[in-house]
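Please treat every number below as a calculation from the coordinates, not as lab data. What you see is a predicted model, and the numbers here were worked out from it, not measured in a lab. Cβ coordinates were reconstructed from backbone atoms using ideal geometry, including for glycine residues, and neighbour counts include every protein chain displayed.
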């Protein structure tokens, strides 16, 4: 659950004095959109994104001659001149949830990961985050998702987990969502099995309601409509 | 009326799964009883099964996997590769007999002894990948059949239609690079149902791109969606591919009262599925179609669904 488990550690970095031409070549060759800038001691001093590079480049609408001349000039500038100084960073002890929230709120595509002394340890992009969430949700492994409506009261989750455990089935993940009905919660256990008949029967015997996600979604819409009226 | 073959062997009952396992021998017993009650046994041409020669299994599965599976059975292990895959000492031999049953049915259709055939076999096959047992499946019966058709009978283009409520990940994986076998599957959406594959964007790889087609159906949906999607997805795809022979992975677990899935297909809905497939077979494959049992776990409805399916095949 910590970013250190999901971040990229085979780092591609550049020095602040490097020319933009070198930065551009590196990003193209390695197919990356975020290039951390580190000084000769390995400390993070900035970040250059493909967007920074594009902003620095001349307009593609310029006549070719002008474009080429300006382009050449631009490319001889240094990374330091266009990089974002003191970029937003996260620590190796950030959880994936922290990172998800930071990325959502700050609208960034990648975050350099630094240790307590400010040395660059890794980088985490939205692509890494996606991979990690596929794994967290367990959807890389074969299984079945149950959709259970449970009363909002203590002990319900235990009952569900007990039934699953009795049938000797492994859990890939469990998601819990609020329902339009304040007294109920929707619980989505992802079971790593094809064999769900017994579990479904037991859940129903114990008073749980199994529902279709589509019906649930439509119900939610209806309720939303009601409150709007 | 058509001459329809029927593959069954008492030995299929001897693949014993653990107590309470949904893929039990009671499934076949219920099917047989249903066929007798419906008077279908008299009109079906019995085809006896024989164990598949191992080289045909090797045409689909990795040899190391085959040996590993045989060992697990011989050692008396309770399951193979996942606790879902319950086995007994005889499971390996019976799995050979299941694939071999499909091969016998192919011989009967190709030599025109029968027009088409239904194979009441177990263990099922469509989840079994090249080197992986999954979802109660060990050898991919339909995939072995497809290779047998191609290599033994010179059939170039085989169409496979899979209407089991679960995606046939095994069949897809085995043929995903292959442009000579077209795989179509309609199933419950992989975000909800086992095994979590069979999304709309899985369309085959490399040479096989465009030769796999998946139609996921959301839980809670039923006849309407199947009618619509088979018409817009399956029919044009088969029309374009023009298979010379069709194999069907027939799963009856999409029925509303089968708790294995969230799909609510009715008996009528299932009839529509069968009719549509037989129409396609008549049109493009000279009526040559072999349907192979996969899932279907509610013993109350399974016999009727299979009987309906066979009636449509036999045109009675």
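Let me know the shape class of the stretch B:104-158, please: from the alpha-carbon gyration tensor, a ≥ b ≥ c as square roots of the eigenvalues, rounded when a/c is under 1.5, otherwise prolate if a/b is greater than b/c, or oblate.
oblate
Give the Rg (one decimal place) followed by the Dmax (whole number) of the protein assembly as shown, computed from C-alpha coordinates and expressed in Å.
So, for the protein assembly as shown, Rg and Dmax equal 28.4, 89 Å respectively.
Please work out the FRET efficiency for the pair residue B:89 and residue B:42, using the Cβ-Cβ distance as r and a Förster radius of 25 Å; give the result to the nearest 0.05.
Efficiency at R0 = 25 Å is approximately 0.10.
Determine the shielding of peptide A:188-194 by partner chains: average, over its residues, the number of Cβ atoms on other chains within 10 angstrom of each Cβ.
Counting Cβ atoms of other protein chains within 10 Å of each residue's Cβ and averaging gives 5.
Return the calculated 222 nm mean residue ellipticity for chain A, to the nearest 500 deg cm²/dmol, obtained by summing -39500 (n - 2.57) across DSSP H runs with n ≥ 4 and dividing by the residue count.
-12000 deg cm²/dmol
Taking neighbour counts of Cβ atoms within 10 Å as a proxy for exposure, in what order, fewest first, do B:56, A:180 appear?
A:180, B:56
For residue B:275 and residue B:130, what does the FRET efficiency come to when R0 = 41 Å and r is the distance between their Cβ atoms, rounded to the nearest 0.05?
Efficiency at R0 = 41 Å is approximately 0.80.
Based on the Cβ-Cβ distance from residue A:41 to residue A:134, what FRET efficiency comes out when R0 is 35 Å, to the nearest 0.05?
0.45
Please list A:54-67, B:247-260, A:153-166 highest first by mean number of surrounding beta-carbon atoms within 10 Å per residue.
Taking the mean over residues of other Cβ atoms within 10 Å, the ranking is B:247-260, A:153-166, A:54-67.
What shape does the stretch B:4-314 take by its C-alpha gyration tensor, where a ≥ b ≥ c are the square roots of the eigenvalues and a/c under 1.5 counts as rounded, a/b above b/c as prolate, and the rest as oblate?
Here the stretch B:4-314 falls in the rounded category.
Arrange the following residues from fewest to most other Cβ atoms within 10 Å of their Cβ: A:196, A:45.
Least to most surrounded, the residues fall as A:45, A:196.
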